[in-house]
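*Asks:* Can you read through this structure? Questions will come right after.
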């Protein structure tokens, strides 16, 4: 496939070939870019929406006061990463033992409604709004729009388009709105936008190690928050792509796009959508030596656009990155807080 990209008076011919290469292009969406089988019993040992689940597993932990909308994640020595990486370039390995203090983590990704409260209180303007554009996946654009915007595709991931006028208020296109999406995760937010929200809320972004420890739900070396089996009892436990990527999403899980932030409870820490739905920013640098103006930050969890044949990154150990000023229609966040 070829595409013509206009830069001033120059015409640059970009030739790209894509196929099943394990990369959905989410990490290419940078502001300056041209983006042992387990049953589900573990999540049924406590009544839904209680906040006492972890106490049965960590009875010796001194329990901190509860915070509405957050779960207390027990600290201690936990394994993160994996010695069986799926993507070497993502630096998933090696597995390592880290020591963490107790901390709180939002049960849900930050929703559009919550983010709107923040914007109303602070008059904050997101980076996508200031830049005037963000990245949308092809299925959110009509055939006519895809044709009109074909010169604005990401060369190495042509199913992603940089679209003017898209932002958190109109996440699915310039003519879309938040009607019916109030409880869906806010998207088109940069790392800096996420930090601004967390600071306003008296919280912070989780570190990668904290995020991963919370994702594993007190378990060691499990692929998913609930265990190793993708669909215990043949039920969907997360919002990802079904069908052939990047065309033909069958939406067997009920969602072609994002789902509500309280749709999938995934482990005994009462955490929802840790994997699938939207990628989540963490506090960590991708490269600790990066001192550029907009360094890459680690994101975790995969999104509704992930499929095992192409982007098997909806695992606790999986990771990817984007620059601090990047935003996209499948990238959000949740907040943490010191215990």
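Each value in this text was obtained by applying a stated rule to the coordinates, not by laboratory testing. Small disclaimer: the values here were computed from a predicted structure and weren't measured. No Cβ is skipped: glycine too gets one built from the backbone with ideal geometry, and neighbour counts run over all protein chains shown.
*Asks:* Arranged by the count of other C-beta atoms within 10 angstrom, fewest first, what order do 274, 70 take? Please report the intermediate quantities before stating the final value.
*Replies:* Values: 274 31, 70 22.
Placing the least packed residue first, the sequence is 70, 274.
*Asks:* Any idea how far the Cα center of segment 77-102 sits from the one of segment 157-234, in Å?
*Replies:* Using only Cα atoms, the two centres lie 21 Å from each other.
*Asks:* Please arrange 87, 333 by counting, for each residue, the other beta carbons lying within 10 Å of its beta carbon, fewest first.
*Replies:* 87, 333
*Asks:* Name the shape class, rounded, prolate or oblate, that the alpha-carbon gyration tensor gives for segment 127-245, where a ≥ b ≥ c are the square roots of its eigenvalues, rounded holds for a/c under 1.5, and otherwise prolate holds if a/b is larger than b/c and oblate otherwise.
*Replies:* It comes out oblate by the Cα gyration axes.
*Asks:* Could you list 200, 281, 168 so that the one with the fewest beta carbons within 10 Å of its beta carbon is first and the one with the most is last?
*Replies:* Fewest-to-most ranking of 200, 281, 168: 200, 168, 281.
*Asks:* Measure off 7 Å from each Cα along the Cα-to-Cβ vector at residue 113 and residue 231, then give the distance between these two points in nanometres to one decimal.
*Replies:* Reported label-point gap for residue 113 and residue 231 is 3.1 nm.
*Asks:* Can you give the FRET efficiency to the nearest 0.05 for residue 146 and residue 182, using r as the Cβ-Cβ distance and R₀ = 22 Å?
*Replies:* It comes out at approximately 0.20.
*Asks:* Measure off 7 Å from each Cα along the Cα-to-Cβ vector at residue 121 and residue 66, then give the distance between these two points in nanometres to one decimal.
*Replies:* Inter-label distance under the simple model: 2.2 nm.
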